[in-house]
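Below is one structure; the comments refer to it alone.
Read-outs throughout are calculated quantities, based only on the coordinates presented, and are distinct from any laboratory measurement. This one's a predicted model, so the numbers in the text were calculated from it and none came from an experiment. Here the Cβ is made from the backbone with ideal geometry for all residues, glycine too, and neighbour counts use every protein chain on show.
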Amino acid sequence: MKLNILKKKKSREIALQIIYSWKLSNIDIKLKIKEINYFNFNKNIDQYYHNIIIYGVINNIKNIKNYIKKNINKNTKYIDIIEKIILYIAIYEYKNLKTPYKVIINESIELAKKFSTQNSYKLINSILDKILIKK
């Protein structure tokens, strides 16, 4: 069970990095995923899981953005790109993969602490706390 949790954590990190690359340079997603999978073969990642997240976020990006805009009072253009992607992943996982609320909050905070600015995890936490329905 512990290994599965670690694999999903790493898969979220990979998804964040690939979606970030896609947002900045419109990379070929399939090629980038193949490259990541090749270099991480037999490591603690769940290739299937990060593929689901990556394609899920990209294919549902408009709906996810609308969901965020509809549910927060903050203008999203002032939210950093990394923070937005963390929110996209969190919302996709919550709504489509039925990942539990507490897991979403904790994993999103961890992603923010690792990949974003010093206090961005506070913003992520407050936004997700407002827009996700606690179960």
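With the Cα gyration tensor of the chain in hand, convert its eigenvalues to equivalent ellipsoid semi-axes via √(5λ) and list them largest first in whole Å. Walk me through the intermediate numbers first.
Working: eigenvalues 105, 58, 37 Å².
Here the semi-axes work out to 23, 17, 14 Å.
How do the peptides 51-64, 78-91 rank, highest first, by the average count of neighbouring beta carbon atoms within 10 Å per residue? Write out the running numbers ahead of the final one.
Values: 51-64: 17.5, 78-91: 20.7.
In decreasing order of mean packing, 51-64, 78-91 become 78-91, 51-64.
Once R0 is set to 30 Å, what does the formula 1/(1 + (r/R0)^6) return for the Cβ-Cβ distance between Ser21 and Leu97, expressed as a FRET efficiency to the nearest 0.05? List each step's numbers first, then the result.
Details: r = 22 Å, r/R0 = 0.73.
Efficiency at R0 = 30 Å is approximately 0.85.
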Practice problem: Could you rank the peptides 22-34, 101-113 by their average count of other C-beta atoms within 10 Å per residue, with the highest value first? | Solution: 101-113, 22-34
Exercise. Mind ranking 115-127, 4-16 by how tightly packed they are, going by the mean number of other C-beta atoms within 10 angstrom, highest first?
Key: 4-16, 115-127
Practice problem: Considering the options Asn59, Ser108, Asn73, tell which one lies farthest towards the positive end of the dipole of region 22-135, charges being +1 on Lys and Arg and -1 on Asp and Glu at the Cβ, about the Cα centre. | Solution: Asn73
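Nearest 500 deg cm²/dmol is fine: what mean residue ellipticity at 222 nm does the chain get from its DSSP H runs of n ≥ 4 alone, each adding -39,500 (n - 2.57), divided by its residue count? The partial results should precede the final answer.
Numbers: 7 runs with 102 residues, N = 135.
After summing the helix terms and dividing by residue count, I get -24500 deg cm²/dmol.
So, counting K/R as plus one and D/E as minus one, what does the shell of residues with Cβ under 9 Å around Asp46 add up to? Could the numbers behind the result be given before it?
Numbers: positive: Lys7, Lys8, Lys10; negative: none.
The answer is +3.
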Quiz prompt | Gain in span if fully extended, Asn4 to Phe39, counting 0.36 nm per residue against the direct Cα distance | solution = 10.7 nm
Quiz item: How far apart, in nm, are the 7 Å Cα→Cβ label points at Lys113 and Gln47?
Solution: 3.1 nm
Quiz item: Label-point separation (nm) for Ile133 and Ile72, each offset 7 Å from Cα along Cα-to-Cβ?
Solution: 2.1 nm
Quiz item: Which shape class applies to region 29-107: rounded if a/c is under 1.5, otherwise prolate when a/b exceeds b/c and oblate if not, where a ≥ b ≥ c are the square roots of the Cα gyration tensor eigenvalues?
Solution: prolate
